[in-house]
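Report on the following structure.
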There are 2 protein chains.
Amino acid sequence: MVSIKQIATDIGVSAATVSNALTGKGRVSPEMIERIRSRAAELGYRPSITARALKSGRTGILGLVMPDLTNPLFPRIAQTLSIAADGHRLGILIADSRGSADEQSEALGRLVDRGVDGLLVVPQKGTSPEPQPVPMVVINTASDPNNSVSADHAGGGALVARHIAELGHRNIVILGGDPISEVQRDRISGMTAALPDGTNTTVLWGDEGISRVPGEIASGATAVMTTSDLLALSVRSQLMRAGLSVPEDVSLTGFDDLSFSKSMHPALTTVAQNVEAIADRAIDLITRMIGGKTQPEAGETVPMRLVVRDSTSNPKTNQEEMP
Amino acid sequence: MVSIKQIATDIGVSAATVSNALTGKGRVSPEMIERIRSRAAELGYRPSITARALKSGRTGILGLVMPDLTNPLFPRIAQTLSIAADGHRLGILIADSRGSADEQSEALGRLVDRGVDGLLVVPQKGTSPEPQPVPMVVINTASDPNNSVSADHAGGGALVARHIAELGHRNIVILGGDPISEVQRDRISGMTAALPDGTNTTVLWGDEGISRVPGEIASGATAVMTTSDLLALSVRSQLMRAGLSVPEDVSLTGFDDLSFSKSMHPALTTVAQNVEAIADRAIDLITRMIGGKTQPEAGETVPMRLVVRDSTSNPKTNQEEMP
DNA sequence: TGGGTATGATTAAACGTTAAAGCAGGGAGC
DNA sequence: GCTCCCTGCTTTAACGTTTAATCATACCCA
């Protein structure tokens, strides 16, 4: 590993001068700068980020904590975050909070111990990460209004709900995965709030909820809105087993626009998060916080986008149903 | 940030003694150790990993480069890797090689510049990452036999192929995503090698291949083996559109056991990678390499596991077909 | 009593970098 | 000719930690 000192002794100049020449900070003559630059290039000099980190107190590393790296949204978040971070010369250290709030705290602690400059946290369902000695931005939990960046889950719910309502559905099943998840509750409350008066809705949860879907259809429901594409896929299978077809007998919607949803048959109508925007804002926010702004900034909310595909259509009319 | 020095002056002892007491290395009296320990705990002292890194030349960080963080397998790899790394007190810095070999090199370079102790690389399709100044373990490319850990893709292919053959299929379509991918080619060659003589196989690729599947079925094929669950899902949709049912008319298999495959209808027969084992071995291997073993170690291969679900069954007999 | 040694600490240096202060020399202004 | 300032470089110190070398003290044994 070639260091600043070697360049210095090579050229017969002090280490400080080399540092100044390379960073363009102090006063160095143009010729000297040139000599140092070229010698550095010759030797393939790479500054030691570690040494810089020690000196400056900044590691240039962000910690990313996710509730479960297995979350199907994680890849896209990680990718966009990593690209956005690159743009700011930041690295991303990952940690998994493995399903428990305790592990989440530990993960945060480990990252802080490693000297990360800031933390990006997608919190464990139903938890709110405790304050940390470094700036922290919370992703996707609107409840904590400060220093957070979130998709507008309620707005997304409203989007699908209006779509379904406009198609003419008035008897609707809403299916969530886990009532503990605030994100899912937000989506659902967005849905119900946007439905016109007189709409009949039933809210179901989890696997047990899935199994009750065919029954609900039999008793008159014509659409199923879920809080996740994965849930929608399960419902699709359940319906198929029951001999019901989508969208002829039942309209079906998902959430998140996961990779497989456009390959489904029929392709799934869903609501997409603008993951790129969320990641960009999050990185932006945290870099600003690291840059010294200590006062909490208001949380940002990123609109969701309705993706209409083939799994939704008008409900069967009553005439058709009882000839 | 409380440092060793503060503890030292607090107690009235030298910094070296504090360091020795805390790490248990030098000669310190038991009472002094106790005093120092308790004072450190009181102050909430956390050693500066950065300073240690500078002194020791080890950052305790591993770089993970993936071709595309959007890869559906990434979450599981990242999670297991991160847990396994935790066990060795290592952190994981992620980087995305964004689809090109050039970006892959740059990503590797950035990580090396950050001082990672080792690199874990899932190479870009069809590329072989150039040597780096730190130990590197290549994941999932059997071709590079040194310092690599890979699922036994060919073996996995053989597993499904034998399953399909045992069910009685003799006219089979094999569908790959991209012939550039060595992994996919390995899977396919494993399949074809394991099929009994006299089996009629057609190999198709990509979207165009998917669209040709119904035609192949019409001309007598009874099973479709794909190199990815996502591909299988697309085929499933295509078949549905063509009015063909799975597994009655066509047996269908995937690869990788992605999250959604058990929610499909019918639940997909597929081949699972033992991601945990791969990650563990990779971490093991790289820590050994970092620990000084400079000689290349033979690549390891981890067996795959056949997951039989509902998308495969006996082919229709000829009698049934022409009554 | 004196030399050897074990014990428990200290000092000094180092890892690679940078910020601040200092210093030598030259040119300008009066 | 004196001061003053500007330029270009050097010295010093520091970030927090570890390690090798050193040192003082007390103890043991001959």
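For the range B:267-280, give me each residue that is out of contact with any helix residue (DSSP H, G or I) (no Cβ under 6 Å at 6 or more places or on another chain) and surrounded by fewer than 20 Cβ atoms within 10 Å (Cβ to Cβ). Step through it out loud before you land on a result.
Step one: filter the range B:267-280 for residues out of contact with any helix residue (DSSP H, G or I) (no Cβ under 6 Å at 6 or more places or on another chain), giving B:267, B:269, B:272-274, B:277-278.
Hits for the range B:267-280 are B:ALA267, B:ALA272, B:ASN274, B:ALA277.
Scanning for something at pLDDT below 95, more than 11 Å from every other protein chain (Cβ to nearest Cβ), part of a loop (DSSP other than H, G, I, E, B) and farther than 24 Å from B:ASP178 by Cα, does the range B:282-291 turn up at least one residue?
Yes, the range B:282-291 contains at least one residue that is at pLDDT below 95, more than 11 Å from every other protein chain (Cβ to nearest Cβ), part of a loop (DSSP other than H, G, I, E, B) and farther than 24 Å from B:ASP178 by Cα.
Out of A:SER251, A:SER245, A:SER234, A:SER261, which single residue is surrounded by fewer than 17 Cβ atoms within 10 Å (Cβ to Cβ) and either within 14 Å of another protein chain (Cβ to nearest Cβ) or closer than 18 Å to A:VAL307 by Cα (or both)?
Criteria check complete, one pass: A:SER245.
For the range B:1-35, which positions are assigned to a helix (DSSP H, G or I) and more than 9 Å from DNA strand C (Cβ to nearest atom)?
Kept after step one, since they are assigned to a helix (DSSP H, G or I), are these residues of the range B:1-35: B:4-11, B:15-23, B:30-35.
B:ILE4, B:LYS5, B:GLN6, B:ILE7, B:THR9, B:ASP10, B:LEU22, B:THR23, B:GLU34 - these are the residues of the range B:1-35 that are assigned to a helix (DSSP H, G or I) and more than 9 Å from DNA strand C (Cβ to nearest atom).
For (1) over 30 Å from A:VAL13 (Cβ atoms); (2) at the interface with another protein chain (Cβ under 9 Å from one of its Cβ atoms); (3) polar (S, T, N, Q); (4) surrounded by fewer than 24 Cβ atoms within 10 Å (Cβ to Cβ), each residue gets a yes or a no:
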site: A:ALA40; (1), (2), (3), (4): no, no, no, yes
site: A:SER56; (1), (2), (3), (4): no, no, yes, yes
site: A:GLY60; (1), (2), (3), (4): no, yes, no, yes
site: A:ASN71; (1), (2), (3), (4): yes, yes, yes, yes
site: A:ALA78; (1), (2), (3), (4): yes, yes, no, no
site: A:SER82; (1), (2), (3), (4): yes, yes, yes, no
site: A:HIS88; (1), (2), (3), (4): yes, no, no, yes
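Taking into account only those residues within the range A:217-231 that are under 25 Å from the mean Cα position of the chain (by Cα) and in a helix (DSSP H, G or I), which is nearest to the other protein chains (Cβ to nearest Cβ)?
A:LEU230
Only residues that are at pLDDT below 95 and not in a strand (DSSP E or B): list them for the range A:136-166, please.
A:ASN140, A:THR141, A:ALA142, A:SER143, A:ASP144, A:PRO145, A:ASN147, listed by residue number.
Would you call B:GLY198 of a type outside the set (Phe, Trp, Tyr), at positive phi and touching a Lys or Arg at 6+ places or on another chain (Cβ under 8 Å)?
Yes, satisfied.
Go through the range A:93-140 residue by residue and tally those that are at positive phi, surrounded by 21 or more Cβ atoms within 10 Å (Cβ to Cβ) and away from every other protein chain (no Cβ under 13 Å).
So the count comes out to 1.
Looking at the range A:50-91 only, could you name the residues that are among the polar types (S, T, N, Q) and at pLDDT 95 or above?
Of everything in the range A:50-91, those that are among the polar types (S, T, N, Q) and at pLDDT 95 or above turn out to be A:THR50, A:SER56, A:THR59.
Residue check: is B:ARG46 more than 13 Å from DNA strand C (Cβ to nearest atom), under 38 Å from the mean Cα position of the chain (by Cα), among the charged types (D, E, K, R) and closer than 27 Å to B:GLY291 by Cβ?
yes
Just a yes or no: is a residue in the range B:15-24 crowded, with 18+ Cβ neighbours inside 10 Å, more than 8 Å from DNA strand D (Cβ to nearest atom) and either facing another protein chain (nearest Cβ under 9 Å) or of a type outside the set (A, V, I, L, M) (or both)?
yes
Only one of (1) closer than 30 Å to B:ASP207 by Cα; (2) part of a helix (DSSP H, G or I) is not met by A:LEU244, so which one is it?
Of everything listed in (1) closer than 30 Å to B:ASP207 by Cα; (2) part of a helix (DSSP H, G or I), A:LEU244 misses just condition (2).
For the range A:170-193, how many residues are touching a residue at least 40 places away in the same chain (Cβ under 8 Å) and more than 16 Å from A:ALA221 (Cβ to Cβ)?
The qualifying residues number 9.
Select from the range A:49-95 the residues that are outside any helix (DSSP H, G or I), within 16 Å of DNA strand C (Cβ to nearest atom) and either of a type in the set (Val, Ile, Thr) or out of contact with any Gly (no Cβ under 7 Å at 6 or more places or on another chain) (or both) and list them in ascending order. Don't jump to the end; show me each part of the working.
Of the range A:49-95, the ones outside any helix (DSSP H, G or I) are A:57-73, A:88-95.
Okay, now just the ones that are also within 16 Å of DNA strand C (Cβ to nearest atom), so A:57-60, A:89.
Those that are outside any helix (DSSP H, G or I), within 16 Å of DNA strand C (Cβ to nearest atom) and either of a type in the set (Val, Ile, Thr) or out of contact with any Gly (no Cβ under 7 Å at 6 or more places or on another chain) (or both): A:GLY57, A:ARG58, A:THR59.
The values are calculated or read from the model by the stated rules, or taken from the named source; none is laboratory data. This one's a predicted model, so the numbers in the text were calculated from it and none came from an experiment. With ideal geometry, Cβ positions are generated from the backbone for all residues, glycine too; neighbour counts draw on all protein chains shown.
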